[in-house]
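Take a look at the structure below.
The values are calculated or read from the model by the stated rules, or taken from the named source; none is laboratory data. Just so we're clear, the structure is a prediction, and the values are computed from it rather than from any experiment. Cβ atoms come from the backbone with ideal geometry, glycine included; neighbour counts cover every protein chain shown. All accessible areas refer to the heavy atoms of the entire protein, side chains included, with ligands and DNA or RNA removed. Shrake-Rupley method; radii C 1.70, N 1.55, O 1.52, S 1.80 Å.
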Amino acid sequence: MNKRVFSGTRATGRLHLGNYLGAVKGYLELQNDPDYETIYMVMDLHAITTPFDKEKLAENTRNVIMDYLACGLDPEKSIISAQSLIPEHTYLSHIFSSEISVARMQHLPTFKEKIAQHPDNVTMALLNYPVLMAADILLYKASLVPVGVDQEPHLEVAREIARKMNQKYGMDFPEPKSFSTKGKYVPSLLGEGKMSKSVSKSFINLTDDLDTIRVKLSLVPTDNGKGNELSTKGGVFALLELYELFIDREGRKDYEDKYLSTGIKYSELKDNLARAIASRLEPIQKERKYYEDHPEEVDRIIKDGAQKAGKIAKETIKEVKEKMGFIA
Ligand code: TYM
């Protein structure tokens, strides 16, 4: 049997370079490998765990789907849909929430981060976020999950829940592992932490044009171009990481050598990088235009995907209910 893969992105608007390099490139690699059966969704139920705008939820969901398609996700090869269209995700999430403690959830780094960001929005949905994520993956018995490194603590929760369900009820859930790409941790343009939608000016969107990219890169904090040692954080590090991801490792090495000797000219580095990013994004943006002009096709892909995913989801729920002793 083919190995099943599941992953997704919250419906918080457009994808940025971190999402693309850390996750979507992995989605593509596995989609194009015939040994895997791939399911990729937009996690719109996860989007409501932080403050959201009801006027924009559907639009944000469609925007992520269009970015997926523009990057090369293919409905002939992958199931592509939106989480909220398959109610079994929340069903399984409720069941799983009986298998894990409140304290375990409260100690997760992502929960602490979100509380700090939105102190007035510490909801049950936020606390339950990783449980819903475990349900997303295990509903399809997926064993491989292409994600960035920030999601590792959540995968640990999914493995814990899988083990419990297998031991207590004789389920055969796999213990899902992450699948990483070269860009599994894309740093923020501000030089602190990772590139993130929730930190303005930290990211470049897949839909940004050359001028926008230039402006965003011009704001990356740098120094006088020289030093005794290379840092593994800060703006200069972020530029060098992006240089390697979008141009090559040799070029990065050259800049590193210059940093330790004659000095780097950041205007030149930033200009090379802006062009390289823009030319990588150009074909994605062209492809996206097609889907922007054909919204009915996007909706059909989402609906077809939900139907296919729903079939698998129903089987798992039936099995879980039987094994747990619910009435038939
Ligand atoms: P989200 O929406 O925050 O991000 C989507 C994907 O992008 C990756 N990512 C990054 N990778 C490298 N560098 C970065 N700076 C960067 N920023 C984001 C994330 O690791 C992720 O893979 N909890 C998930 C959504 C989710 C999910 C799931 C994922 C819900 N259910 C089931 C996999 C399986 C999230 O918030 O991703």
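Here are some notes:
- Residues in the stretch 142-151 that are more than 9 Å from the ligand (Cβ to nearest atom) and either among the charged types (D, E, K, R) or open to solvent by less than 10 Å² (accessible area, probe 1.4 Å) (or both): 0 in all.
- Any hit, the stretch 138-148, residues being assigned to a helix (DSSP H, G or I), among the aromatic types (Phe, Trp, Tyr) and assigned by TED's automatic domain parsing to the domain that holds GLU319: no
- Residue check for GLU229: open to solvent by 70 Å² or more (accessible area, probe 1.4 Å), out of contact with any Leu (no Cβ under 7 Å at 6 or more places or on another chain), more than 27 Å from ALA135 (Cα to Cα) and not in a helix (DSSP H, G or I): yes
- Residue tally, condition touching a residue at least 40 places away in the same chain (Cβ under 8 Å), closer than 22 Å to GLY263 by Cα and polar (S, T, N, Q), over the stretch 185-240: 2
Conditions (1) under 19 Å from ARG104 (Cα atoms); (2) surrounded by 17 or more Cβ atoms within 10 Å (Cβ to Cβ); (3) within 14 Å of the ligand (Cβ to nearest atom), marked per residue:
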site: HIS118; (1), (2), (3): no, no, no
site: ASN128; (1), (2), (3): yes, yes, yes
site: MET133; (1), (2), (3): yes, yes, yes
site: TYR140; (1), (2), (3): no, yes, yes
site: ALA158; (1), (2), (3): yes, yes, yes
site: ARG163; (1), (2), (3): yes, no, no
site: THR181; (1), (2), (3): no, yes, yes
site: LEU189; (1), (2), (3): no, yes, yes
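- Note on the stretch 191-208: residues that are open to solvent by less than 60 Å² (accessible area, probe 1.4 Å) and small (Gly, Ala, Ser) amount to 4.
- Some residue of the stretch 214-224 being within 16 Å of the ligand (Cβ to nearest atom), more than 21 Å from the chain's Cα centre (by Cα) and outside any helix (DSSP H, G or I): yes
- Every listed requirement among (1) closer than 16 Å to PHE52 by Cβ; (2) not in a helix (DSSP H, G or I) is met by LYS114 save one, (2).
- Annotation note: Cβ proximity below 6 Å between a residue of the stretch 244-271 that is outside any loop (DSSP other than H, G, I, E, B) and a residue that is polar (S, T, N, Q) (sequence gap 6+ or interchain) occurs for TYR266/THR222.
- Helices (runs of 4 or more DSSP H) completely within the stretch 4-94 that count 1 or more residues being under 30 Å from MET324 (Cα atoms), within 15 Å of the ligand (Cβ to nearest atom) and open to solvent by less than 10 Å² (accessible area, probe 1.4 Å): 44-47
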